[in-house]
Amino acid sequence: MKVTVLQENLAHGLSIVSRAVSPRTTLPVLANILVATDEGRLRLSATNLELGITCWIGAKIEEEGSTTVPARTFVDLVATLPAEQVSLSLNAANQTLNMRCGASNTDIKCIDAQEFPPLPVPEMEGAIQINVADFKEMIQQVVFAASVDEARPVLMGVLMTMDKDTVTMAAADGFRLSVRKATLSQPVPQPVTAIIPGRALSELGRIAAEGDEMIAMVLPKGRGQAIFRVKDVELVSQLIDGAFPDYQQIIPRAYKSRTLLSTQALLKACKQAEIFAREGSNVARLNIKSSGELEPGSVEIFAQSEETGSNETVVAATIEGVGLLIAFNVKYMREVLEVIKTPNVALETSAPNAPGVIRPVGDDNFLHVIMPMHLG
């Protein structure tokens, strides 16, 4: 293999694929990045067997070939090189990669590409096309609510369903639920359901750049995988087996009070409360004060810590229905408010022991259910 590539292109490609490298692995080749010539371009791939990322970059190919390079060494070295041409040449006999750039001349010991697990070559014909801007926002508004508890693997995933021209993502961790819908540019021929690991979607959200327009998605039959392609990058993820809970049952059908607040004012109040609540179990009390016809209502957000003190912030609100004292995990409140784009937000509540629903005012595509905490 003999190729020349621009340092900035190589660094960019490595920054994308290196996130799929396995940090702890019994297979040494999984700590490496596959570097291969591919139809006039250079292909970089990494996988931890659950997630695989491939990126194609422009290169001048003099000799075809492939090898796998230790990821950490490769990434760290390329980052220090000047913004010039990098020459890569492989001695296939002893699997040593020589890298030259500017005054730098390096030899790196590699592992034969034959040992690298094969990544699927997908048929992208008939792929489902999703608008990148919508998809990035969907991921951002849902993936944070997925569980990180490995005891319940199904909840570490995001349920993705497509029916006709609607795509829905849902994630839950037993304490909260995020649901986001969007419209597909073309209807799907038949309904699609898959549980995609939250981590894979987070990586996809990072990879998809603002300038890209569409993400193509395929679910090859019987493979238990989802494959996404955006421009020069492909991401392959294993799907999660199992039955996702029927989240529709968790969403309250009615409410006794609907409180309208400024998203930013409530977010700021939650951030202040969290400074004190995080010392304990993240409890913040919300005292929703309904008022008469003429006076505006308000919500008092209160948190305290035995060690550091207490904080109370009053946020002006428009309240339809009855007043209520309810407690929520303030970290969860902050996380959902950070992904809401509308100026105002609605909090729907029924009782101190019933879940609350948070909705962006003027956007019916998103809702978030949050379980109450015990009022001590």
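Of the residues that make up the range 281-291, is at least one closer than 20 Å to Leu260 by Cα, among the small types (Gly, Ala, Ser), without any contact (Cβ under 8 Å) to a residue 24 or more places away in the chain and not in a strand (DSSP E or B)? Break it down into steps so the answer makes sense when it comes.
Going through the range 281-291, the residues closer than 20 Å to Leu260 by Cα turn out to be 284-291.
Next cut, among the small types (Gly, Ala, Ser) only: 284, 290-291.
Checking the rest, the ones that are also without any contact (Cβ under 8 Å) to a residue 24 or more places away in the chain come to none.
No; the residues of the range 281-291 include none that is closer than 20 Å to Leu260 by Cα, among the small types (Gly, Ala, Ser), without any contact (Cβ under 8 Å) to a residue 24 or more places away in the chain and not in a strand (DSSP E or B).
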Residue among Ser350, Ser298, Ser281 that is surrounded by fewer than 17 Cβ atoms within 10 Å (Cβ to Cβ) and either of a type outside the set (D, E, K, R) or under 33 Å from the mean Cα position of the chain (by Cα) (or both): Ser281
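Given the criteria part of a strand (DSSP E or B) and either at positive phi or among the hydroxyl-bearing types (Ser, Thr, Tyr) (or both), does Ser298 qualify? It would help to see each step written out before you state the result.
On the way: part of a strand (DSSP E or B): yes; either at positive phi or among the hydroxyl-bearing types (Ser, Thr, Tyr) (or both): yes.
Here the answer is yes, as Ser298 does meet what is asked.
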Close pairs (6 angstrom Cβ cut-off, 6 or more residues apart or separate chains): among the aromatic types (Phe, Trp, Tyr) in the range 140-158, assigned to a helix (DSSP H, G or I) anywhere: Phe144/Glu335
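I'd like to verify a number: residues in the range 214-248 that are of a type outside the set (Gly, Ala, Ser) and in a strand (DSSP E or B), how many? Don't jump to the end; show me each part of the working.
So the first thing to find is which residues in the range 214-248 are of a type outside the set (Gly, Ala, Ser), and the list is 214-215, 217-221, 223, 225, 227-236, 238-241, 244-248.
In the following step, the residues that additionally are in a strand (DSSP E or B) were identified as 214-215, 217-218, 225, 227-230, 233-236, 238.
So the answer is 14.
Take the residues in the range 33-57 that are more than 17 Å from Val236 (Cα to Cα) and out of contact with any helix residue (DSSP H, G or I) (no Cβ under 6 Å at 6 or more places or on another chain), then tell me which one is surrounded by the most Cβ atoms within 10 Å (Cβ to Cβ). Lay out the reasoning, then the answer.
Applying the first criterion (more than 17 Å from Val236 (Cα to Cα)) to the range 33-57 yields 35-42, 57.
In the following step, the residues that additionally are out of contact with any helix residue (DSSP H, G or I) (no Cβ under 6 Å at 6 or more places or on another chain) were identified as 35-42.
Numbers: Val35: 27, Ala36: 19, Thr37: 18, Asp38: 15, Glu39: 8, Gly40: 10, Arg41: 17, Leu42: 24.
If we take residues in the range 33-57 being more than 17 Å from Val236 (Cα to Cα) and out of contact with any helix residue (DSSP H, G or I) (no Cβ under 6 Å at 6 or more places or on another chain), then Val35 is surrounded by the most Cβ atoms within 10 Å (Cβ to Cβ).
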Of the criteria (1) surrounded by 15 or more Cβ atoms within 10 Å (Cβ to Cβ); (2) farther than 22 Å from Arg359 by Cα; (3) modelled with pLDDT of 90 or more; (4) aliphatic (A, V, I, L, M), which one Ala182 fails: (2)
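Can you find, within the range 27-69, the residue that is nearest to the chain's Cα centre (by Cα) among those that are more than 21 Å from Pro118 (Cβ to Cβ) and not in a strand (DSSP E or B)? Walk me through it before giving the result.
First, pick out the residues of the range 27-69 that are more than 21 Å from Pro118 (Cβ to Cβ): 40, 58-63.
Restricting the remaining residues to those that are not in a strand (DSSP E or B) gives 40, 59.
Details: Gly40: 32, Ala59: 30 Å.
Taking the candidates together, the pick is Ala59.
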Failed criterion for Pro118 (all others in (1) under 18 Å from Thr37 (Cα atoms); (2) touching a Leu at 6+ places or on another chain (Cβ under 9 Å) hold): (2)
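Considering only strands (runs of 3 or more DSSP E) fully contained in the range 128-172, which possess at least 3 residues that are under 15 Å from Ala216 (Cα atoms)?
Values: elements: 128-131, 157-163, 166-172.
Fully inside the range 128-172 and qualifying: 128-131.
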Residue match in the range 254-266 (condition: buried (at least 18 other Cβ atoms within 10 Å of the Cβ), touching a strand residue (DSSP E or B) at 6+ places or on another chain (Cβ under 8 Å) and under 20 Å from Asn48 (Cα atoms)): no
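Would you tally the residues in the range 230-239 being within 20 Å of Leu44 (Cβ to Cβ) and either at pLDDT 95 or above or crowded, with 19+ Cβ neighbours inside 10 Å (or both)? Walk me through it before giving the result.
Residues of the range 230-239 within 20 Å of Leu44 (Cβ to Cβ): 230-237.
Right, trim to either at pLDDT 95 or above or crowded, with 19+ Cβ neighbours inside 10 Å (or both) and you get 230, 233-237.
So the answer is 6.
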Matching residues in the range 8-26 - criterion: being part of a helix (DSSP H, G or I) and among the basic types (Lys, Arg): Arg19
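Any idea which of Arg100, Arg72 is assigned to a strand (DSSP E or B), at pLDDT 95 or above and basic (Lys, Arg)? It would help to see each step written out before you state the result.
Working: Arg72 fails: assigned to a strand (DSSP E or B).
From the options Arg100, Arg72, the qualifying one is Arg100.
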Scan of the range 355-370 for residues that are surrounded by fewer than 17 Cβ atoms within 10 Å (Cβ to Cβ) and on the phi < 0 side of the Ramachandran plot, ordered by number: Val361, Asp363, Asp364
Where Glu62 falls short, out of the listed (1) more than 15 Å from Val233 (Cα to Cα); (2) touching a Gly at 6+ places or on another chain (Cβ under 6 Å): (2)
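Among what's in the range 320-340 and is outside any strand (DSSP E or B) and modelled with pLDDT under 95, pick the residue that is surrounded by the most Cβ atoms within 10 Å (Cβ to Cβ).
Keep residues of the range 320-340 that are outside any strand (DSSP E or B), which gives 322-323, 330-340.
Cutting the leftovers down to modelled with pLDDT under 95 gives us 322-323.
Values: Val322: 13, Gly323: 17.
By that ranking, first place goes to Gly323.
The values are calculated or read from the model by the stated rules, or taken from the named source; none is laboratory data. Bear in mind that the values here come from a model prediction, so they are computed numbers and not experimental data. For neighbour counting, all protein chains shown are included, and Cβ atoms are generated from backbone atoms with ideal geometry for every residue, glycine included.
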